[in-house]
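The values are calculated or read from the model by the stated rules, or taken from the named source; none is laboratory data. Just so it is clear, the structure is predicted and the values come from calculations on it, not from any experiment. Cβ placement follows ideal geometry from the backbone for every residue including glycine, while neighbour counts extend to all protein chains displayed. These area figures cover heavy atoms from the full protein model, side chains too; ligands, DNA and RNA do not enter into them. Shrake-Rupley method; radii C 1.70, N 1.55, O 1.52, S 1.80 Å.
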Amino acid sequence: MSSAGIFISIMAALAVGAMSPGPSFVVVSRIAISRSRLDGLAAALGMGVGGVVFAVLALAGLTALLSQFEWLYVLLKVAGGAYLVYIAVNIWRNAGQPLEVSDTVDVNPAPRLSFMTALLTQLSNPKTIIVYASIFAALLPRTVPLSLIVALPLGVFVLEAGWYSIVAFAFSARHPRRLYLAAKSWIDRSAGVVMAGLGLRLILAGVSDR
């Protein structure tokens, strides 16, 4: 298979994973709908940067390292799950607080905070690095051409940041935002429960792997 064919195959496989609902989707959509479109786009950039980190680690052969040191994978699972639970607790605590949001003006945008929240959420999920590493290991040739080494991280950034930018634009529109404001406490608590469930599932999986 040519380098272009390999690149397209990897991007297609990663696109399916990126578009599957999970912690990243919950975080970006909630940031976009509760803060501002600017914050949502900053979160999308955070997801893109996190994807680049995973791509580089996968190219560097992190899978072999994790298989050799099982305790490291367990530690990543438990730490990642704990961070997701931490996010869930904060979402739940703030669920009852009223939020004043304008339809046309961003209120108290904090793009740096949104970027870091999204980046840490992306990096806290060890399953993502396993997905990246598995896809790369399955589709890359034994000797990886320099063109792919350069193109894959760039492609991953465009894919992750592009998809979550679409999510940010969709959920920062007027109608979704009005729906959110009308049922903020229930939506936030539901998001918190989902995030906590994902985090606890990671922690339990890490403990059971010991």
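Structure notes:
- The residues Met19, Met116, Met47, Met11, sorted by heavy-atom accessible surface at 1.4 Å with ligands and nucleic acids left out, run Met19, Met116, Met11, Met47 from largest to smallest.
- For Leu45, solvent-accessible area (1.4 Å; no DNA, RNA or ligand), Å²: 80 Å²
- Nearest-10 value in Å² for the accessible area of Lys184, using the 1.4 Å probe: 20 Å²
- Computed from the C-beta positions of Ile8 and Ala205 and an R0 of 35 Å, the FRET efficiency is 0.65 to the nearest 0.05.
- Inter-label distance for Val158 and Val56, nm, one decimal - labels placed 7 Å from Cα along Cα-to-Cβ: 2.0 nm
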